[in-house]
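The values are calculated or read from the model by the stated rules, or taken from the named source; none is laboratory data. The shown structure was predicted, so the numbers you read here are calculated from the model rather than taken from an experiment. So basically every Cβ, Gly included, is an ideal-geometry build from the backbone, and we count neighbours across all protein chains shown. The accessibility values were calculated without ligands, DNA or RNA, using every heavy atom of the protein model including side chains. Shrake-Rupley method; radii C 1.70, N 1.55, O 1.52, S 1.80 Å.
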Amino acid sequence: MEESSIEESVASVIEEAKEVQEAVSAHISKASSDEEPLRQRVRRVDSRIHSLRSSLDSLLSNKLIAPSLADKLDEDLHKARCIIVDSEASSLLPGHAQGGFLRMFLGPINVRASRKDVQLKVKEEYNSYRDRTALLFLLFPSTLLILRSWVWAGCLPTFPVQMYQAWLLFLYTGLALRENILRVNGSDIRPWWIYHHYCAMIMALVSLTWEIKGQPDCAKKQRGVQLFLQWAMMQGVAMLLQNRYQRQRLYTRIALGKAKRMDVVWGETAGVDGQLWLLCPILFTLQGFEAYVGLLLLRTAVVGDVSEWQVIFCGVLLVLMAVGNFANTVQTLMVKSRFKAKMRRSKSKQRLN
């Protein structure tokens, strides 16, 4: 290619790049102007749904509408809400404000996806992260306890335990970040479960400063670490069961229009009747054991041989998390119980009619 021809080609490319840039800018400007009326319309429909729900609750409380009809209309309004939030229209609704946790790690970056398929990929990645970590949550502490008995003569070395505590800090930080991003994108994660992971992050960070003492009398000095590892094993079992049973139930609820596609499962949720008999005893047992481990840590710090402040701090946090988990689980079961009672009343009225 000659000097003059390549010079003309470069000039041509520059002009073409300018034209493309102008065309894209015009397209974005037009799209923004077309989007504003749609945004107002979506928000108007969403506001009407909330207004009709308030009117329905008022009529029901004043006994001006039949309960069976009120239940049907409430379910229809819930489906209408799901249609809005489960479509591309959800990007035009106001989102949850980004909290300080996201700003601390990511800065003032908008993490809300503008397309529904991108939001769903965020949820799929969250579920995949939980699946990957649930098995490790069970295997890591059980491996440490087995090696303690068979290889390390009842005395845990410092480095493997600190590796595990560092992994816990990474795990809970990753969960908290993902859950905050899901909440910004319309998921219904309860705030308590995010706060629960904040507490777990703090506990893992404090545990990294926990001095792992060895011989002599290693069993007494490491009693707190051993109890914590036992609780972690039970937590791993609960996570595996929740991933297996509750997610299957959530997919059914989404198909029936009773849940949003961005909703996720966590410790406060429960499955269908058959699954309740399996999951609820495990959840309550886990929460009771969590409080028991916390109290034992406090007892070990007060009357035992291990009196470091880290033991007291982790004991208090475990008790607080156990109480919060129990309260939220009971609250969810009460909501489910009221919903089932309402459904039974509706069916009985339909039979009478």
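If we keep just the residues of segment 137-178 that are touching a residue at least 24 places away in the same chain (Cβ under 8 Å) and β-branched (Val, Ile, Thr), which is nearest to Phe101 (Cα to Cα)? Only one residue fits best here, namely Thr173. Within segment 129-154, if we keep just the residues that are small (Gly, Ala, Ser) and open to solvent by 10 Å² or more (accessible area, probe 1.4 Å), the residue that is farthest from Met233 (Cα to Cα) turns out to be Ala153.
Residue count for segment 57-77 under the criterion of being part of a helix (DSSP H, G or I) and open to solvent by less than 60 Å² (accessible area, probe 1.4 Å): the result is 7.
From the list Arg53, Arg41, the one residue that fits, being closer than 23 Å to Ile84 by Cβ and in contact with a helix residue (DSSP H, G or I) (Cβ under 6 Å, 6 or more places away or on another chain), is Arg53.
Here segment 108-128 is the region considered, the condition is being modelled with pLDDT under 80 and among the polar types (S, T, N, Q), and the residue that is surrounded by the most Cβ atoms within 10 Å (Cβ to Cβ) is Gln119. Scanning segment 89-107 for residues that are touching a helix residue (DSSP H, G or I) at 6+ places or on another chain (Cβ under 9 Å), exposed (fewer than 14 other Cβ atoms within 10 Å of the Cβ) and among the hydrophobic types (A, V, I, L, M, F, W, C) yields Ala97, Phe105. Inspect all residues belonging to segment 155-166 and state whether any of them is open to solvent by less than 60 Å² (accessible area, probe 1.4 Å), touching a Ser or Thr at 6+ places or on another chain (Cβ under 8 Å), of a type outside the set (A, V, I, L, M) and more than 29 Å from Met203 (Cβ to Cβ). No, that holds for no residue. Of all residues in segment 318-334, one or more are modelled with pLDDT under 80, open to solvent by less than 70 Å² (accessible area, probe 1.4 Å) and at negative phi. Evaluate segment 189-211: report whether one residue or more is over 14 Å from the mean Cα position of the chain (by Cα), at pLDDT below 75 and not in a loop (DSSP other than H, G, I, E, B). Checking segment 189-211: not a single residue is over 14 Å from the mean Cα position of the chain (by Cα), at pLDDT below 75 and not in a loop (DSSP other than H, G, I, E, B). Pairing each residue of segment 65-87 that is without any contact (Cβ under 8 Å) to a residue 12 or more places away in the chain with any residue that is assigned to a helix (DSSP H, G or I), provided the two are 6+ apart or on different chains, yields C-beta distances under 6 Å for Ile65/Leu59. Scan segment 217-240 and report the pairs whose first residue is small (Gly, Ala, Ser) and whose second residue is in a loop (DSSP other than H, G, I, E, B) and modelled with pLDDT under 70, with Cβ atoms within less than 6 Å and a gap of 6+ or a chain change. If the second residue must be in a loop (DSSP other than H, G, I, E, B) and modelled with pLDDT under 70, the pairs left are Gly224/Val306.
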